[in-house]
Amino acid sequence: VSDRPDIYLDGAHNPAAAKKLAGALREMKPAYRRTILIIGILGDKDCEGIVSELVPLADHVVATQARYSRAMDSGKLAAVIRGLYASVTVAETVEKAVAAARSTASSDDLILITGSLYVVGDARALLRPGFSDADSASALRGLKG
């Protein structure tokens with residue numbers, strides 16, 4: 001959805017999808033200097049399963065949460081991530097997570113936003129103006145545009 005740095009969105013919200021995304025990320029990594037992972041997961045999902053697939057491939061992780069009642073608290077998610085990986089920051093919103101990632105990224109880095117369709121919806125609304133807050137997640141579910 002953005003260039004220099006490249007920003008990709010993927011709604012991998014379960015371990016199987018995270019494993020597929022990890023395979024694609026392994027293929028893409030050589031083209032980038034660093035990978036910054038922005039991740040937010042719903043509280044009723046297999047957090048450890050998703051995180052264990054993706055976090056080891058990142059150079060830095062930003063734990064965040066969607067504006068959705070079932071979202072896992074970003075601080076709790078960061079605690080899970082720290083169990084596997086030390087370089088993690090916390091951002092209470094996707095907007096703050098994207099700003100944090102962009103502030104540290106160079107033009108030859110990759111920013112990958114994933115973990116929940118709601119996180120991806122919030123990011124798409126932010127990065128692709130024209131999507132309203134109300135439309136962000138529903139558009140990704142195919143209910144609109």
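This table checks each residue for (1) out of contact with any helix residue (DSSP H, G or I) (no Cβ under 9 Å at 6 or more places or on another chain); (2) assigned to a loop (DSSP other than H, G, I, E, B).
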residue	(1), (2)
ALA24	yes, no
LYS29	no, no
ASP44	yes, yes
GLY49	no, no
GLU53	no, no
ALA66	no, yes
GLY75	yes, no
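GLY142: of a type outside the set (Lys, Arg), closer than 21 Å to ALA24 by Cβ and either open to solvent by less than 40 Å² (accessible area, probe 1.4 Å) or modelled with pLDDT under 95 (or both), yes or no? I'd like the intermediate steps shown before the answer.
Numbers: of a type outside the set (Lys, Arg): yes; closer than 21 Å to ALA24 by Cβ: no; either open to solvent by less than 40 Å² (accessible area, probe 1.4 Å) or modelled with pLDDT under 95 (or both): yes.
No.
Checking the stated criteria, TYR85 turns out not to satisfy the condition of being part of a strand (DSSP E or B) and hydroxyl-bearing (Ser, Thr, Tyr).
Do any residues in region 62-78 that are open to solvent by 50 Å² or more (accessible area, probe 1.4 Å) and basic (Lys, Arg) have Cβ atoms under 6 Å from those of residues that are at pLDDT 95 or above and outside any loop (DSSP other than H, G, I, E, B), where the two are at least six apart or on different chains, and which pairs are they? Listed pairs, sorted by first residue: ARG70/LEU42. Among the residues of region 87-94, is there at least one that is closer than 23 Å to LEU127 by Cα, of a type outside the set (A, V, I, L, M, F, W, C) and in contact with a helix residue (DSSP H, G or I) (Cβ under 7 Å, 6 or more places away or on another chain)? Taking every residue of region 87-94 in turn, at least one turns out to be closer than 23 Å to LEU127 by Cα, of a type outside the set (A, V, I, L, M, F, W, C) and in contact with a helix residue (DSSP H, G or I) (Cβ under 7 Å, 6 or more places away or on another chain). Given the criteria of a type in the set (Lys, Arg), out of contact with any strand residue (DSSP E or B) (no Cβ under 9 Å at 6 or more places or on another chain) and at negative phi, does LYS45 qualify? Here the answer is yes, as LYS45 does meet what is asked.
Here HIS13 meets the list (1) buried (at least 18 other Cβ atoms within 10 Å of the Cβ); (2) part of a loop (DSSP other than H, G, I, E, B); (3) more than 13 Å from the chain's Cα centre (by Cα) almost entirely, failing just condition (3).
The values are calculated or read from the model by the stated rules, or taken from the named source; none is laboratory data. For clarity, every value in this text was computed on a predicted model and none was experimentally measured. Neighbour counts run over all protein chains shown; Cβ positions are idealised from the backbone, glycine included. All accessible areas refer to the heavy atoms of the entire protein, side chains included, with ligands and DNA or RNA removed. Shrake-Rupley method; radii C 1.70, N 1.55, O 1.52, S 1.80 Å.
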